[in-house]
Structure formats: C-alpha cells, structure tokens
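Visitor: Input: one structure, supplied below.
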Amino acid sequence: MSKETILTINLFILSFLALFIISSVWADSINPRVFPIDSKPYGMTYEQWDVKYWQWSVSLPKDMNPLGDKTGEKCASGQSGPVWFLTGTSGGTVKRSCTIPSDKAILIHVAGNSCSYIENPNAKTESDLRTCAINGNQVTSIKVTVDGTELKDVRKYHITSHLYSENITKDDYWGIEGYGPTQAVSDSYLLLLEPMSSGNHIITFSQSTLPLNPTASAYTYDITYLIRVVSPTG
C-alpha cells in the first residue's frame with residue numbers, strides 16, 4: 001500500500017471521527033432546536049451570551065427597556081447581532097407580540113440576577129458580587145414552552161458568570177443610584193433556540209424566585225410571546 005493511500009485512509013478516518021464527535025455533542029441536547037449548555041452558538045459560550053444579555057439590558061433607559069413592556073412594542077429595542085433577546089418582567093402576567101427575523105437565534109432569559117459595584121458599593125471583590133448574584137436568584141420554579149411543548153430539565157441551562165464590564169445607563173429600568181461603567185457578575189437561567197421557521201410561534205416562560213427579604217412575597221412572572229418570524233428582508 002502506498003504512502004498516499006495510507007494518508008488518504010487516515011484523513012478519511014479522522015474526518016469520520018470528527019463528524020462523530022460533533023454529532024455526539026449536539027445529540028446531548030434533550031430539547032430539539034435548543035443549543036446545548038456546553039455548546040458555543042455563533043462562537044460564544046452560554047456565559048458569554050448571558051453577559052451580552054445583561055450588557056444590553058442595563059444599557060437601555062427605562063422608557064426603551066423591554067422589561068417594562070406590556071405589549072411587545074419595545075421588543076426590538078437595542079437588538080443587534082445573530083441572537084435576539086427575550087426578557088422577563090418586573091412581575092405579574094404579560095403577553096407580548098414580537099416580530100423576529102428568521103436568521104436570528106432566540107435567547108430566552110428565563111430568570112436571573114446580576115450585581116455590580118455601582119449597585120453594591122460594599123462589595124469589594126468578584127466573590128462578593130458572585131454571592132450577591134446567586135443569593136438574588138434562588139429560583140423555586142421555572143418553566144418554558146415552545147409552540148405548546150414544555151422544554152425538559154430547564155434548570156440545567158444555568159450559568160454563573162465571571163467578572164465582566166458593563167455600562168449602566170442613566171435612568172435605567174431598576175432605578176439604580178449611579179450610572180456609568182462598572183463591573184458585575186450574573187447568575188442566570190437561559191436557553192438559546194436555533195432560528196425558528198417563518199410563521200407564527202408561541203413561547204411562554206415563567207418563574208418564581210425567593211425574596212431576599214424573608215417577609216416579602218416571592219418574585220414571580222408568567223410571560224407569553226406571540227412571535228411572528230419573517231425573512232430578514234421583511
């Protein structure tokens with residue numbers, strides 16, 4: 001057997017193994033059309049996408065932030081790049097209508113908390129911020145459905161970030177005392193859906209989180225997104 005033939009066979013075997021490994025990684029996801037938690041959609045990890053989400057959220061002033069949106073009219077605020085963010089709310093039941101281009105993956109930010117040095121002047125280290133973020137995201141129940149199908153094991157789509165930079169806008173949604181560049185840590189439950197087919201879809205998600213104050217009520221919301229997916233050109 002010639003060296004060229006042996007080389008060709010070896011390359012074929014390596015290619016086959018690479019395809020097998022890639023297929024095995026994607027097959028690990030128990031929810032079809034959801035990127036696995038250990039994958040890198042569009043070259044970024046779940047942690048990096050969560051950081052992008054929080055940077056986007058704190059950059060939007062209150063009158064533009066989808067967190068306070070009751071109808072979906074602010075769904076497109078600040079959206080850019082290959083992933084479209086769907087956000088929660090400050091509590092209660094909300095139904096939003098939203099038009100999303102068919103080439104966008106969809107990030108469902110089901111529950112989460114972030115803590116920055118601006119919000120927490122007593123925090124001195126990344127560890128302090130991490131403790132703050134985790135303590136504020138003690139989720140007791142969580143649920144996501146896509147077109148009537150409930151997604152499985154949603155709690156496994158959970159990350160706690162490392163320290164990252166963000167720029168809190170003036171007149172932010174939460175009424176933070178202070179604004180400008182800072183650093184933060186987040187703790188979140190989020191799912192990344194592959195781009196959806198053109199047409200109408202329904203995404204729902206809900207959560208209940210323990211309050212930091214034991215005498216307060218749990219933080220809960222239940223959100224329905226009526227989504228119209230259209231071609232990027234409209």
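Visitor: If I take the Cα coordinates of the stretch 39-83 and project them onto the principal axes, what are the three extents in Å, biggest first?
Guide: 33, 16, 14
Visitor: GNM, the chain, Cα, under 10 Å: largest mean-square fluctuation among GLN138, GLN55, GLN79?
Guide: GLN79
Visitor: Which of the listed residues, ILE30, SER97, VAL110, is farthest toward the dipole's positive end in the stretch 27-147, when Lys, Arg count +1 and Asp, Glu count -1 at the beta-carbon?
Guide: Farthest towards the positive end: SER97.
Visitor: Sort out the exposed loop chymotrypsin sites (Phe, Trp or Tyr not before Pro) in the chain (DSSP loop, at most 15 other Cβ within 10 Å) and tell me the longest stretch that has none. Spell out each step's value before the answer.
Guide: Working: sites that count: TRP174, TYR179.
That gives 1-173 as the longest site-free run.
Visitor: Filter the chain for me: DSSP H helices, axial length by Cα at least 18 angstrom, mean Kyte-Doolittle hydropathy not below -0.5. List them by residue number.
Guide: Sorted by number, the helices that extend far enough and score high enough are 3-27.
Visitor: Whole angstrom only: what separates the Cα centroid of the stretch 163-209 from the Cα centroid of the stretch 36-58?
Guide: Result: 10 Å between the Cα centres.
Visitor: Can I ask one more? Taking 2.2 N^0.38 Å as the expected size of a compact globular protein, what ratio does the Cα radius of gyration of the chain give against it, to two decimals? Don't jump to the answer; show the numbers that get you there.
Guide: On the way: Rg = 20.3 Å, N = 234, 2.2 N^0.38 = 17.5 Å.
The chain yields a ratio of 1.16.
Visitor: State, as an integer percentage, the relative contact order of the stretch 47-168 based on alpha-carbon contacts under 8 Å between residues 6 or more apart. Spell out each step's value before the answer.
Guide: Values: 123 pairs, mean separation 30.9, N = 122.
Reported relative contact order: 25 percent.
Visitor: Normalised by the residues of the stretch 177-231, what does the relative contact order come to in percent, with Cα pairs under 8 Å and at least six apart? Don't jump to the answer; show the numbers that get you there.
Guide: On the way: 52 pairs, mean separation 20.0, N = 55.
Averaging sequence separation for qualifying contacts and normalising by length gives 36 percent for the stretch 177-231.
Visitor: Please report the orientation-averaged projected area of the stretch 24-121, defined via the convex hull of its C-alpha atoms, in nm².
Guide: On the way: hull surface 30.9 nm².
Taking the Cα atoms of the stretch 24-121, their convex hull projects to 7.7 nm² on average.
Visitor: With charges only on Cβ, +1 for K and R and -1 for D and E, what is the dipole size of the chain about its Cα centre, in debye, rounded to 20?
Guide: Working: 18 positive and 22 negative charges, 72 e Å.
The calculation lands at about 340 debye.
Visitor: Taking Cα atoms of the stretch 104-234, Rg/Rh with Kirkwood Rh, to two decimals? Intermediate values should be presented prior to the final figure.
Guide: Numbers: Rg = 16.9 Å, Rh = 16.6 Å.
Reported Rg/Rh (Cα atoms, Kirkwood Rh): 1.02.
Visitor: Return the subset of LYS52/LYS95; LYS95/LYS152; LYS52/LYS143; LYS124/LYS152; LYS40/LYS95; LYS70/LYS170 for which the Cα-Cα distance in this structure is over 27 Å, preserving the input order.
Guide: Values: LYS52/LYS95 24 Å; LYS95/LYS152 23 Å; LYS52/LYS143 23 Å; LYS124/LYS152 38 Å; LYS40/LYS95 30 Å; LYS70/LYS170 22 Å.
Too far apart for the 27 Å limit: LYS124/LYS152; LYS40/LYS95.
Visitor: Just from its helices, what would the mean residue ellipticity at 222 nm be for the chain, if runs of 4 or more DSSP H residues each count -39500 (n - 2.57) and the sum is divided by every residue, rounded to the nearest 500 deg cm²/dmol? Present the calculation step by step, with values, prior to reporting the outcome.
Guide: Working: 3 runs with 49 residues, N = 234.
Result for the chain, helices only: -7000 deg cm²/dmol.
Visitor: Go through LEU67, VAL146, ALA216 and say which Cα lies farthest out towards the positive end of the charge dipole of the chain; charges sit on Cβ, +1 for Lys and Arg, -1 for Asp and Glu.
Guide: VAL146
Visitor: Residues with beta-carbon under 15 Å from that of CYS132, excluding CYS132: net charge, scoring Lys, Arg +1 and Asp, Glu -1? Could you put the intermediate results ahead of the total?
Guide: Details: positive: LYS124, ARG130; negative: GLU119, GLU126, ASP128, GLU166, ASP187.
Within the 15 Å Cβ shell, the charges total -3.
Visitor: Taking the stretch 97-133, which trypsin sites (Lys or Arg not before Pro) meet the DSSP loop condition and have no more than 13 other C-beta atoms within 10 Å? Intermediate values should be presented prior to the final figure.
Guide: Values: sites: LYS104, LYS124, ARG130; in loops: LYS104, LYS124.
Answer by residue number: LYS124.
Visitor: Charges at C-beta only: +1 for Lys and Arg, -1 for Asp and Glu. How large is the resulting dipole of the stretch 156-234 about its Cα centre, in Debye rounded to 20? Could you put the intermediate results ahead of the total?
Guide: Values: 3 positive and 7 negative charges, 49 e Å.
That gives the stretch 156-234 a dipole magnitude of about 240 debye.
Visitor: Let me check against my output: what whole-number percent is the relative contact order of the chain, with C-alpha pairs under 8 Å and at least 6 apart? Please list the in-between numbers first.
Guide: Values: 461 pairs, mean separation 59.8, N = 234.
Here the relative contact order equals 26 percent.
Visitor: Give me the one-decimal nm value for the distance between modelled label points at GLU73 and SER165, 7 Å along each residue's Cα-to-Cβ direction.
Guide: In this crude spin-label approximation the distance works out to 3.6 nm.
Any read-out appearing in this document is the output of simple, stated calculations on the displayed coordinates, not a laboratory observation. No experiment lies behind these values; they were computed from the predicted model shown. In this analysis, Cβ positions are derived from the backbone assuming ideal geometry, glycine residues included, and neighbour counts consider all displayed protein chains.
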